[in-house]
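Data first, discussion second: the structure below is written as structure tokens.
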Amino acid sequence: MARSSTRYVCQACGYEAPRWMGRCPDCGGWNTMVEETVPTPVRARVPRRVAEAPGADPVPLSAVPLEAEARLVTGVAELDRVLGGGIVPGSLILLAGDPGIGKSTLMTELARYLPDRRVLYVTGEESVRQVRLRARRLGVEGDNLLLLAETNLEAILEAARRVVPDVLVVDSIQTVYRPELESAPGSVSQVRESAALLMHYAKTTHVPVFLVGHVTKEGAIAGPRVLEHMVDTVLYFEGDRHHAYRILRAVKNRFGATHEIGVFEMHETGLRAVDNPSALFLSERRYGTSGSTVVCTLEGTRPVLVEIQALVTPTAYGTPQRNATGFDYRRLQMLLAVLEKREGLRLAAHDVFVNVVGGLRLEEPAADLGVLVAVASSFRDIPADTGTVLIGEVGLGGEIRGVGQLDVRLREAARLGFRQALVPAHHLKGLLRPDGLEVVGVRSLHEALDLVL
């Protein structure tokens, strides 16, 4: 019988050490090292059916079939787009988000999206009665939804082999444990080993498996980073739980484009897909107010028009405040320095607040021009042209630099009734202009401010 040994494992990154340390030397986290017992060597925990499986013969590249694999189409365009066209059989999908954001709601509604498929919903945090009450509130009444309140992974897989579901949902991966491991559920060892066995089940049975994951207070998925590398798709459910809008974002997808988004609206009866998010984000826009502009950003392959609000007020403290919601704080600091240096706006004595309306987070630099025009509009207290959409990256010299897929952005602006678009000037050559939209090229930030303000 093998002797038991102990090790200390970082619960944030999975780093292992023979003794306890206050600070993890790999990720820098404090008090994240937890003692775990290792009763047997790692190779002894490999399932026998995996260890004794015959080796596969190498296949030439030309002999690999290229036929597209049939997907399970949910019929909800927002969800299918994020997944790359539907659920791929045998895929392992990780869904993460803040508590109360709607992860369990979305997974419960899978039975309604797939009425002809059998969905096995494994709940480790709720009783089957609680899930039944939520399903009734959401209008999910079909017998194709099978409920199982279990956390033992061996019992879960045995039940899955008996009922043979079309989709397996595990809510959540942090509550599942393997009995042969002595560490607590949610630890690095349990999460890693449980995900590995679920991945083997998905690949051998061609049943798609959804794993619901917790997030830390920093917004990252709890557990080892290897979990995100093992799965095929990583979905983040974003948004403020005190507001109705939810954004489903794909940050990793082996079967589709990354950084695709799906927009949902939370109601008492469940999630409703928003087919036109641009109109949704601009629905409450006020006209004639300073500090408001509209930019067009690309989320994956989808153009989205979103309002940017800025508020500039004299500071009451020695150090002015810089606050950004939905926009990178460090990039805002750089853009404000450009505005002060190139345009002479004395922002050192003013607080600056920037907000992206609707809960969307802008990461591409094409929104730079809209942010600076909104700040200048609030600083001068002059409303910007409400019929103009701003597209362009701003360099440190105040120049307007080019962005990608400009024609797609302009078509979206024209579809929503905008009259004018300010774009980088060197994009005008050979650009296809949509009907009803005047496209104006600008070379510098000074030109843009003169035109819009």
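The values are calculated or read from the model by the stated rules, or taken from the named source; none is laboratory data. Given the structure is predicted, the values throughout are model-derived calculations rather than measurements. Positions of Cβ are backbone-derived with ideal geometry, glycine not excepted, and every protein chain shown enters the neighbour counts. Side chains are part of the model used for accessible areas, which takes the heavy atoms of the whole protein and leaves out ligands, DNA and RNA. Shrake-Rupley method; radii C 1.70, N 1.55, O 1.52, S 1.80 Å.
Its residues counted as N, region 94-246 yields a C-alpha radius of gyration over 2.2 N^0.38 Å of 1.00.
For the chain, the solvent-accessible area with a 1.4 angstrom probe is 48 square angstrom per residue.
Think of it this way: in the chain, Cys296 stand alone, with no other Cys Cβ under 4.7 Å. Relative to the longest principal axis of the Cα atoms of the chain, the long axis of helix 368-380 lies at roughly 50 degrees.
Rounded to the nearest 20, the Cβ-based charge dipole of the chain about its Cα centre (Lys and Arg +1, Asp and Glu -1) stands at 420 debye. Its Kirkwood hydrodynamic radius, worked out from the mean inverse distance over all distinct Cα pairs, puts region 265-408 at 15.9 Å. Given the options Val423, Gly398, Tyr15, identify the residue whose Cα lies farthest towards the positive end of the charge dipole of the chain (+1 on Cβ of Lys, Arg; -1 on Cβ of Asp, Glu). It is Tyr15. Tilt of helix 153-163 relative to the longest C-alpha principal axis of the chain, in degrees (0 to 90, nearest 10)? Approximately 90 degrees, to the nearest 10.
When a 1.4 Å probe is rolled over the protein heavy atoms, the share of accessible surface on region 85-136 that falls to carbon and sulfur comes to 45 percent. Compactness check for the chain: Cα Rg over 2.2 N^0.38 Å is 1.15.
Across region 128-218, the volume of the C-alpha convex hull divided among the residues equals 125 Å³ per residue. DSSP bridge analysis restricted to the chain gives an antiparallel fraction near 50%, rounded to the nearest 5.
Candidates Ala155, Val169, Leu145 compared by Cα position along the dipole of region 110-189: farthest toward the positive end lies Leu145, with charges placed on Cβ.
Loop-located trypsin sites (Lys or Arg not before Pro) in region 286-368 (DSSP state other than H, G, I, E, B) with a sparse environment of at most 11 neighbouring Cβ atoms within 10 Å: Arg286, Arg346. The portion of the accessible surface of region 268-384 made up by carbon and sulfur, rounded to a whole percent, is 48 (1.4 Å probe; DNA, RNA and ligands excluded). If I fit a long axis through the Cα atoms of helix 329-343 and take the longest principal axis of the Cα atoms of the chain, what angle between them do I get, 0 to 90°, rounded to 10? The helix 329-343 is inclined about 10 degrees to the chain.
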